[in-house]
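Notes follow once the structure below has been shown.
The values are calculated or read from the model by the stated rules, or taken from the named source; none is laboratory data. It should be emphasised that the depicted structure is a prediction, and the values quoted were computed from it without experimental measurement. Quick reminder, even Gly has a Cβ in these numbers, built from the backbone with ideal geometry, and neighbours come from all protein chains shown.
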Amino acid sequence: MKLSYFSLLLVLASCKPAEEDVNASAKNQTEWTRTSWPVARGGAGLSGTTGDPLPGKPEVAWIFKTDGPILGEAIVSGSSVVFGNDMGLLYVLDFETGDLIWKKEYEDAIEATPAIHEDTLFVGCQDSFLYALDLVTGDERWKIETDDKITAGVNLIGSPDGKETWIILNGYDGVCRALRTTDGKEMWRHETQEFINGSPAIVDGKQVVFGGCDRVLYSLDVATGKPNEAIETDAEIVSTVATSGTFVAWGNYGNEVLAADVATGQKVWTYTDRKFPFMSAPAINETQVFIGCRDKKLHAISRADGSALWQYKTGGRVESSPLLFTDAVVVGSSDGRVYALELGQGEELWKLDLGEAIVAAPSFARGTIFVGGEDGTLFAIKEK
């Protein structure tokens with residue numbers, strides 16, 4: 001068959017990729033600025049923010065099945081994804097494939113989010129111990145025992161002299177401790193009157209801020225552990241606070257979300273809706289506070305004055321803590337779905353049915369959202 005000159009040009013063009021298309025494809029690839037998620041809520045301030053745009057239409061890239069509920073966040077450092085489950089198993093997986101690198105078994109549940117500093121992995125356990133492990137091999141470097149279970153993820157801060165890094169640990173024994181990362185030696189402690197469930201936030205590198213079941217928001221001096229002015233509230237603070245600068249927001253068991261300025265030691269607003277407790281940790285950007293509630297909704301609140309902006313109703317309780325992108329917020333629900341919502345009006349951008357209740361907070365690094373389910377599955381979610 002003879003081809004016309006025009007037809008021949010079309011055939012030749014189809015045999016070689018168009019340079020413009022290749023360049024356009026390369027330009028469309030997002031360069032993710034968030035490359036790790038080394039502590040609970042992504043950083044010392046516990047703001048729950050990624051600094052990146054939302055990945056587009058999602059798919060499950062891989063899953064890893066375990067035998068118990070996953071209640072804490074997965075953390076990411078280098079090629080490692082680390083998380084624990086309610087059966088006392090600690091897992092380290094390969095970031096790209098989800099293949100098991102190593103696991104360790106403990107005598108009680110691991111609800112606390114692990115943390116990574118350099119080549120050391122720290123994890124608190126409900127057996128009352130904080131363990132320091134070699135990230136590559138899982139070998140134990142040291143451990144310290146507290147007087148009750150540990151449900152909170154640790155935070156990390158440079159020591160006052162700048163020569164080492166300290167761990168800040170909250171325990172169910174009501175004690176906040178500063179420990180050396182090298183050997184677990186206690187540098188200071190502050191005792192409260194009740195249990196502490198939530199992770200401690202670091203504000204401006206100077207204050208340790210957290211709430212307790214004694215209904216008090218604490219601010220401690222990082223160097224000494226001595227208290228600054230405490231803020232008394234009307235209900236138990238059962239989860240982790242979120243901070244941005246000296247602004248702090250948290251939910252409580254009395255159906256309220258509160259905000260304070262720890263620079264002045266004053267509450268700035270209180271948000272209430274229906275009579276359902278807020279068990280989720282908030283996420284904060286410059287203008288909004290996002291928090292899940294047992295009323296099955298994600299609530300968006302004005303950071304300026306605590307007024308309601310919008311609410312999004314899911315099919316189940318929202319105890320998962322939201323994950324904040326520059327253009328969207330992502331949250332899990334006990335209805336088994338993960339939702340991505342636009343920031344301005346809360347319009348649904350996408351949702352993904354994972355088939356098991358989500359209580360754990362999602363985490364994010366290098367374009368991948370990680371979230372654990374109550375049936376024991378860790379999901380790695382990427383843009384299609």
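Could you say whether any residue in the range 279-300 is under 28 Å from residue 377 (Cα atoms), of a type outside the set (D, E, K, R) and surrounded by fewer than 22 Cβ atoms within 10 Å (Cβ to Cβ)?
Looking through the range 279-300, at least one residue is under 28 Å from residue 377 (Cα atoms), of a type outside the set (D, E, K, R) and surrounded by fewer than 22 Cβ atoms within 10 Å (Cβ to Cβ).
Of the numbered conditions (1) in a strand (DSSP E or B); (2) farther than 20 Å from residue 301 by Cα, residue 264 satisfies every one except a single condition; which is it?
Residue 264 satisfies all of (1) in a strand (DSSP E or B); (2) farther than 20 Å from residue 301 by Cα except (1).
Which residues, taken from the range 198-219, are touching a strand residue (DSSP E or B) at 6+ places or on another chain (Cβ under 8 Å) and either among the polar types (S, T, N, Q) or in a loop (DSSP other than H, G, I, E, B) (or both)?
The answer is 198, 199, 200, 205, 206, 207, 212, 215, 219.
If you check every pair at least six apart or on different chains, which have Cβ atoms under 8 Å apart with a residue in the range 115-135 that is on the phi > 0 side of the Ramachandran plot first and a residue that is surrounded by fewer than 22 Cβ atoms within 10 Å (Cβ to Cβ) and among the basic types (Lys, Arg) second?
128/149
Search the range 38-64 for residues that are closer than 27 Å to residue 169 by Cβ and pair each with any residue that is among the aromatic types (Phe, Trp, Tyr) and part of a strand (DSSP E or B) when their beta-carbon atoms are under 7 Å apart and the residues are at least 6 apart or on different chains.
Note: pairs meeting the criteria are 50/364.
Go through (1) part of a loop (DSSP other than H, G, I, E, B); (2) without any contact (Cβ under 8 Å) to a residue 60 or more places away in the chain and name the single condition residue 281 misses.
Among (1) part of a loop (DSSP other than H, G, I, E, B); (2) without any contact (Cβ under 8 Å) to a residue 60 or more places away in the chain, the lone unmet condition for residue 281 is (2).
Could you list, in sequence order, the residues of the range 131-182 that are of a type outside the set (Lys, Arg), in a strand (DSSP E or B) and surrounded by fewer than 20 Cβ atoms within 10 Å (Cβ to Cβ)?
134, 140, 142, 144, 145, 156, 157, 158, 165, 175
So which of 194, 186 ends up being touching an Asp or Glu at 6+ places or on another chain (Cβ under 7 Å) and among the acidic types (Asp, Glu)?
The match here is 194.
Considering (1) buried (at least 22 other Cβ atoms within 10 Å of the Cβ); (2) modelled with pLDDT under 95; (3) farther than 24 Å from residue 121 by Cα, say which one residue 239 fails and leave the rest.
(3)
Of the conditions (1) of a type in the set (Val, Ile, Thr); (2) in contact (Cβ under 8 Å) with a residue 60 or more places away in the chain; (3) assigned to a loop (DSSP other than H, G, I, E, B), residue 358 clears all except one; give me its number.
Result: residue 358 fails condition (2) only.
If I filter the range 220-238 down to residues being part of a loop (DSSP other than H, G, I, E, B) and closer than 17 Å to residue 206 by Cα, which single residue comes out as nearest to the chain's Cα centre (by Cα)?
Per the stated criteria, the residue is 222.
Give the range 33-49 a look and list any residue that's closer than 17 Å to residue 96 by Cα and either small (Gly, Ala, Ser) or modelled with pLDDT under 95 (or both), or say none.
36
Check 126, 193 and return the single one that is closer than 24 Å to residue 254 by Cα and assigned to a loop (DSSP other than H, G, I, E, B).
Sole residue among the options that is closer than 24 Å to residue 254 by Cα and assigned to a loop (DSSP other than H, G, I, E, B): 193.
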